[in-house]
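The values are calculated or read from the model by the stated rules, or taken from the named source; none is laboratory data. The shown structure was predicted, so the numbers you read here are calculated from the model rather than taken from an experiment. Here Cβ is always computed from backbone atoms with ideal geometry, including for glycine, and neighbour counts include all displayed protein chains. These area figures cover heavy atoms from the full protein model, side chains too; ligands, DNA and RNA do not enter into them. Shrake-Rupley method; radii C 1.70, N 1.55, O 1.52, S 1.80 Å.
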Amino acid sequence: MKRWGIITTLLAVLLAAALFRLAEQRGWIGLGAEAKSVDGMIQEIALRDSGDKPEVEEDQLYKGDLLLVNGDYKIRPQGTQPDITELAGKPELLGRAAMLDHKIELSRRVALKFAAMIDAAAQDGVTHFMISSGYRSEAEQSKLYAEKGGDYALPPGYSEHHLGLALDVGSTQGMMANADEGKWLEKNAARYGFVLRYPADKTDVTGISFEPWHFRYVGLPHSMIMQRNNLVLEEYLDLLQEKRSISTTVEGREYDVRYYGPEEISQIRLPKNRDYALSGDNRGGLILTVYP
Ligand SMILES: [Zn+2]
């Protein structure tokens with residue numbers, strides 16, 4: 001009897017594992033309703049024929065919108081966006097947002113996306129945004145770290161603010177967590193490529209306490225996949241590394257995302273007739289995003 005009990009238990013475990021695997025493959029679990037993993041999707045995209053010459057240089061591993069910069073991963077010099085600019089006196093970059101001081105800088109490309117998002121918030125009657133910080137050099141972070149300490153600021157080199165892709169935005173109406181501005185961004189930022197980087201329920205993953213004011217640009221479709229599946233950047237990069245490719249639809253347009261490990265970089269072929277973006281993850285991987 002004892003042996004039959006063990007065999008039955010073993011069979012039940014195997015059956016459960018097989019069902020789980022099937023459910024995962026079919027996309028019934030794991031990924032959100034609109035995100036599905038598609039193996040070999042890149043075959044459907046016409047790729048360039050570049051002969052033996054590598055199309056992607058190693059430098060690319062440390063550049064791009066999906067770089068992970070946190071307590072474990074330090075930014076490399078090439079990680080800072082090349083188009084950092086002051087926001088003061090440029091209404092096309094500021095949108096309707098106020099600024100805490102006149103020295104705030106950000107990637108120009110990201111500031112334009114931010115301004116478009118703030119315009120959309122205004123259509124919903126949410127208008128009291130105040131930007132308090134954008135791009136920070138390592139020297140500025142060093143000063144902040146010395147003044148405020150490790151509980152408030154990351155050591156120089158380990159802050160997302162060095163990328164030029166992150167900004168702190170508050171409300172002139174009160175605490176961001178309770179203000180309409182904070183609630184609107186938490187709900188809608190993903191549609192514009194931004195994510196709330198340090199949510200309250202992910203402090204164990206990010207290692208950072210809840211920061212309702214800190215938003216990071218990662219671009220579409222990544223922000224939407226992260227929101228639908230409740231993932232922070234650390235978890236999203238783990239998912240990409242595991243799934244290798246994800247195909248997803250945002251507002252009726254289909255995006256393909258593919259992850260490459262460090263040993264595959266030299267063999268990557270880029271799409272011939274589709275727009276795409278490359279980004280390193282700052283931990284050895286490279287992500288190819290193919291746009292609709
Ligand atoms: Zn911040």
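Can you find a residue in the stretch 67-84 that is over 21 Å from the mean Cα position of the chain (by Cα) and either more than 16 Å from the ligand (Cβ to nearest atom) or without any contact (Cβ under 8 Å) to a residue 12 or more places away in the chain (or both)? Even if it seems obvious, please write down each step before you answer.
Looking only at the stretch 67-84, we keep the residues that are over 21 Å from the mean Cα position of the chain (by Cα), and these are none.
No, there is no match, as no residue in the stretch 67-84 is over 21 Å from the mean Cα position of the chain (by Cα) and either more than 16 Å from the ligand (Cβ to nearest atom) or without any contact (Cβ under 8 Å) to a residue 12 or more places away in the chain (or both).
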**OP:** Within the stretch 207-218, identify whether any single residue is buried (at least 18 other Cβ atoms within 10 Å of the Cβ), outside any strand (DSSP E or B) and hydroxyl-bearing (Ser, Thr, Tyr), and answer yes or no.
**Re:** no
Subject >> Subset of the stretch 143-169 (residues that are in a strand (DSSP E or B) and either free of Cβ contacts under 8 Å to residues at least 60 places away in the same chain or among the aromatic types (Phe, Trp, Tyr) (or both)) >> reply: Ala166, Asp168
Original post:
Which of the residues that make up the stretch 162-194 are closer than 18 Å to Ala97 by Cβ and within 13 Å of the chain's Cα centre (by Cα)?
Top reply: Leu165, Ala166, Ala189, Arg191, Tyr192, Gly193, Phe194
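From the list Glu234, Glu264, Glu254, which residue is part of a helix (DSSP H, G or I), more than 15 Å from the ligand (Cβ to nearest atom) and more than 16 Å from the chain's Cα centre (by Cα)?
Numbers: Glu234 fails: more than 16 Å from the chain's Cα centre (by Cα); Glu254 fails: part of a helix (DSSP H, G or I).
None of the other options fit; the residue is Glu264.
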**OP:** Run down Asp39, Asp72 and say which single residue is modelled with pLDDT of 90 or more, open to solvent by 100 Å² or more (accessible area, probe 1.4 Å) and either touching a Lys or Arg at 6+ places or on another chain (Cβ under 8 Å) or of a type in the set (Asp, Glu) (or both).
**Re:** Asp72
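Would you check if there is a residue in the stretch 152-161 being within 16 Å of the ligand (Cβ to nearest atom) and polar (S, T, N, Q)? Can you show your working first?
First, the residues of the stretch 152-161 that are within 16 Å of the ligand (Cβ to nearest atom): 152-161.
Going one step further and asking which of them are polar (S, T, N, Q), we end up with 159.
Checking the stretch 152-161: at least one residue is within 16 Å of the ligand (Cβ to nearest atom) and polar (S, T, N, Q).
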**OP:** Considering each residue of the stretch 194-206, count those that are within 16 Å of the ligand (Cβ to nearest atom), open to solvent by 20 Å² or more (accessible area, probe 1.4 Å) and among the hydrophobic types (A, V, I, L, M, F, W, C), and give that number.
**Re:** 2
Subject >> Residues being surrounded by 19 or more Cβ atoms within 10 Å (Cβ to Cβ) and within 12 Å of the ligand (Cβ to nearest atom) - total across the stretch 125-143 >> reply: 6
Original post:
So Tyr236 fits all but one of (1) touching a Lys or Arg at 6+ places or on another chain (Cβ under 9 Å); (2) modelled with pLDDT of 95 or more; what number is the exception?
Top reply: (1)
**OP:** Considering only the stretch 162-189, state which residues are open to solvent by 10 Å² or more (accessible area, probe 1.4 Å) and either within 11 Å of the ligand (Cβ to nearest atom) or charged (D, E, K, R) (or both).
**Re:** Asp168, Gly170, Asp180, Lys183, Glu186, Lys187
Original post:
Which one is surrounded by the fewest Cβ atoms within 10 Å (Cβ to Cβ), of the residues in the stretch 239-255 that are of a type in the set (D, E, K, R) and touching a strand residue (DSSP E or B) at 6+ places or on another chain (Cβ under 9 Å)?
Top reply: Glu242
